[in-house]
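One structure is given here, and the rest of the page talks about it.
The values are calculated or read from the model by the stated rules, or taken from the named source; none is laboratory data. Nothing here was measured: the structure is a model prediction, and the numbers come from that model. FYI the Cβ positions are ideal-geometry reconstructions off the backbone, even for glycines, and counts take in every protein chain you see. Ligands, DNA and RNA are stripped out before the accessible areas are found, and what is left, the full protein with its side chains, is counted by its heavy atoms. Shrake-Rupley method; radii C 1.70, N 1.55, O 1.52, S 1.80 Å.
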Amino acid sequence: MAGQANAPAGRTGERLANPAPAIEAARTETLPVLVLRSVVMFPGTVETLTITRDSSRRLLEESLPHGKRIALFRQRGDRAEPGAAGIVTVGVVATVYKLNRRDDGSLTVRLRVLDRIVIDRVFATEPFIRAEVSPAAGTTAMPGDDREAHARAEELKSAAHAFLEERTDETASEAAAQLATTEDPGRVADIVASVLTITLEEKQALLEELDVVRRLRAVLAHVGQELSKARLGRKIHEDAKAELTDAQRREYLHEQLRIIRRELGEDQSEGAQQAAELRARLEVARVPKDVREEVERDLTRLTYLRPANPEFPLIVSYIETLTELPWRAETVRKPDLAKAQQQLDQSHFDLERVKRRLLDHLAVRKRNPLGHPMIPCLVGPPGVGKTTLAASLAEALGRKFISIGVSGMEGEGDLIGFRRTLPGALPGRIIHELCRAGARDPVIMLEDIDDTDIDFSGDEATALLEVLDTRRNKAFVDRFIGVPFDLSGVLFLATAYYWEDVPPAVRERLEMIRIPGYSDEDKREISRRYLVPRLLAEHGLSDAQCHFEDEALGRMIEDYTREGGVRGLDRQIAALCRAAVGMMEREPALKEITVTPVLVEQVLGPPKFLREARLTTANPGVVTGLAWTSVGGEIMHIEALRYPGRGGIQLTGQIGNVMKESAQAALSLLKSRVRSLGIRKLFDSDIHVHVPAGAVPKDGPSAGVAIFTAIASLCTGRRVRADVAMTGEITLRGLVLPIGGLKEKILAARRAGIPTVILPKLNEKDLADVPPSVVAHVKFVLVETVDEVLAAALEPEKKRRPKSKAKKSKARKRSPN
């Protein structure tokens, strides 16, 4: 319950003069009943309630549009939904004048309490209680009672004034202001009762007391008790304050004594002992001289502080962090490129270009350790080996490996520390991990730097600049330690899923090394060489006990994973290893298990993913396109339909803006070539282009060639070859421009069994990235214009049959010439 607010001083409906206009005498009305759990309200007050009960929320949402008045009754006991029989006999009627909905679904309602009421009859209990209510009738007032009531009210106001002065909360100040303008005795009793710190039962008894004089006496007795408690508490506080003053005086005398002991050379305080120990640790850590001079001031302060002082543990923690930092400890060995190459080849399949570029970075650091090289950033989908590449590199160099996830940080302070003036301050992850590593030249991997954010605690991208800028991190300053630390010996690497999402300022300090998704053949080889042997060993199995058939691995790759890496495949193989162990434990006689496609489906269930299949028949207006996704390449069928209209185009299939523009460009290009293509009535028709799998978002310009071909095939009636897939961006001049993700798209075509792929001529150089085993089985048609696309994709136009001689003669006879 919130505090009161200034409300018009009305009467409470008792026997006193000038009854309140809120509820007229003997007037009944039907109102929704809001059941209160832990609050008692009094007439003449303004209250705030937080509504969490479902029935109460529904009551407000359904009733307030029809009227602002509601009845409020407190429940008996702690039942979640007490019902009509579980509420008290006397409640109040109130007017709702403000309602707010909070983020957690609860409601905050502001009420002006009007008068006491009782329930005459209950009409409904579901979904909430609705009842007929009437004013609670008070006793008949005599002239003598009226004079006593006013006298008691003045006495209560005087006592309440002293009681409220002992309170410092806003509720008390509002009640005092309201009492100053209220003359009605019943209302005076209610205002004071609302601020008493008594039990709910005692407050309910005051609410049910309809005789004004008796109510005033009861409230006055409670105020006397509250006043006695407040005065006793004030006395205790003053005594404690006097004791605190004595403690401060003793602290001052102890400080003087420490100064005297220091002058006599007899200072053996705990602070001095701690300072001496930290000085010795700073010597062992070989902290630079300029840092020692900076820290000496804190050590001097620590000498004169007692352990009970709040600053004592903060200073100790700060200096201990400095002693734990590896100021001069480092790995002595220089980079061995041959060993690094061997380690990377043993731990990762293929990725030759990625390995070579990482080794090039090592070669530069070996040749010029004091240079300022770019930081390598490995970009690719999850599970392709970005983190394990860095770990293998660290192992080959004999350095500690540290992985720091940027995406899980709440602000820049998590990376570069918090100032010591803040409560609970700590160093950032960089300094913390260096203390744990014990060397100043580890390999630090900053993961997911494309997932940085800006919030109230700072900009993570700005913090990354301080770490990754090789010209500035030689004097990196963590906010907690406040002194420069040299990070030039650290070999930093970074990872990201999407290069475009890396903040531009950070991107300028990085060199992108893209790791493409693996083909199905690559995944099979990785499974055989790395995943299966490792997982068998982890589950206590040998090669002789559990054997995976190639068909089973292929089934898992095609039907149970949809990813560019092998993280999901790793989980599926682990599930089969667990199933094998379980079968052997249940059947001791079983000594060997072969994982077959049938066993895969029995353990993993029905297939989870279905890939698009190649077209089996050629139809006008249906084209096989190629798309790149974060989990690899996919084929997609583009369908076109023609119907009477005004030459417009409609696009469906959750297509993005760039792809919509490509479709519009394809239609405009086709309209400009209607004569050369022999198309009729194009301007009297609308075209509908649909890309199936409507739940999957699609975007990008590389579908331009496929959309143009689909519309051209539809309008000319020439079918598109079912054994052809295509990709490329088009211009309004009919040129075909290069696209990205070529390797993944070609792998998708090969996986679907499509033997011919139409590609932009400008992408010919990218074919070097495609595995030779794929190139040997796919025919590439390199094109520069859309005319070349149509020539390669559309089936030859059927020749028209010549008209018979009889028909020709009839045609001559009908001719007027």
For segment 519-538, give me each residue that is of a type in the set (A, V, I, L, M) and buried (at least 17 other Cβ atoms within 10 Å of the Cβ). 526, 531, 532, 535, 536
Here are some residues: 716, 727. Which one is under 37 Å from the mean Cα position of the chain (by Cα) and either modelled with pLDDT of 95 or more or among the polar types (S, T, N, Q) (or both)? 727
Say we look at segment 641-672 and pick out the residues that are in a loop (DSSP other than H, G, I, E, B) and open to solvent by 50 Å² or more (accessible area, probe 1.4 Å); which of these is nearest to residue 384 (Cα to Cα)? 654
Within segment 717-737, residues touching a residue at least 60 places away in the same chain (Cβ under 8 Å) and either open to solvent by less than 40 Å² (accessible area, probe 1.4 Å) or hydrophobic (A, V, I, L, M, F, W, C) (or both) come out as 720, 722, 724, 725, 726, 727, 728, 730, 731, 732, 734
When segment 542-567 is examined, which residues are found to be crowded, with 18+ Cβ neighbours inside 10 Å and of a type outside the set (Asp, Glu)? 546, 548, 552, 553, 555, 556, 557, 560, 561, 564, 565, 566
Among the residues of segment 332-342, is any closer than 30 Å to residue 561 by Cβ, modelled with pLDDT of 85 or more and buried (at least 17 other Cβ atoms within 10 Å of the Cβ)? no
Only listed residue being basic (Lys, Arg), within 30 Å of residue 227 (Cα to Cα) and buried (at least 17 other Cβ atoms within 10 Å of the Cβ), chosen from 130, 147, 112: 112
Among the residues of segment 605-628 satisfying the criterion of being modelled with pLDDT under 75 and open to solvent by 30 Å² or more (accessible area, probe 1.4 Å), which is farthest from the chain's Cα centre (by Cα)? 617
Condition test on residue 366, is it charged (D, E, K, R), open to solvent by 40 Å² or more (accessible area, probe 1.4 Å) and assigned to a helix (DSSP H, G or I)? yes
Do the conditions hold for residue 80, that is, is it more than 50 Å from the chain's Cα centre (by Cα), modelled with pLDDT under 85, farther than 17 Å from residue 32 by Cβ and surrounded by fewer than 21 Cβ atoms within 10 Å (Cβ to Cβ)? no
Among residues of segment 674-697, those that are touching a residue at least 12 places away in the same chain (Cβ under 8 Å) and assigned to a loop (DSSP other than H, G, I, E, B), counted: 12
Any chance residue 498 is open to solvent by 60 Å² or more (accessible area, probe 1.4 Å) and of a type in the set (Phe, Trp, Tyr): yes
Quick one: which residue in 301, 231, 306, 217 is of a type outside the set (Asp, Glu), open to solvent by 40 Å² or more (accessible area, probe 1.4 Å), modelled with pLDDT of 65 or more and not in a helix (DSSP H, G or I)? 306
Of the residues that make up segment 85-101, is at least one open to solvent by 80 Å² or more (accessible area, probe 1.4 Å), among the hydroxyl-bearing types (Ser, Thr, Tyr) and assigned to a strand (DSSP E or B)? yes
What are the pairs with Cβ atoms under 9 angstrom where one residue, in segment 386-403, is closer than 23 Å to residue 352 by Cβ and open to solvent by 40 Å² or more (accessible area, probe 1.4 Å) and the other, located anywhere, is among the charged types (D, E, K, R) and assigned to a helix (DSSP H, G or I)? Sequence gap at least six, or different chains. 401/395
Return yes when residue 175 is modelled with pLDDT under 85, open to solvent by less than 10 Å² (accessible area, probe 1.4 Å) and part of a helix (DSSP H, G or I) and no when it is not. yes
Restrict the check to segment 682-693 and report whether at least one residue is open to solvent by 50 Å² or more (accessible area, probe 1.4 Å), at pLDDT 90 or above, more than 22 Å from residue 642 (Cβ to Cβ) and not hydroxyl-bearing (Ser, Thr, Tyr). no
Looking at 321, 303, which one is closer than 20 Å to residue 420 by Cα and within 35 Å of the chain's Cα centre (by Cα)? 321
Could you please find all residues in segment 694-713 being within 38 Å of the chain's Cα centre (by Cα), under 18 Å from residue 737 (Cβ atoms) and either open to solvent by 40 Å² or more (accessible area, probe 1.4 Å) or of a type in the set (Ser, Thr, Tyr) (or both)? 699, 701, 702
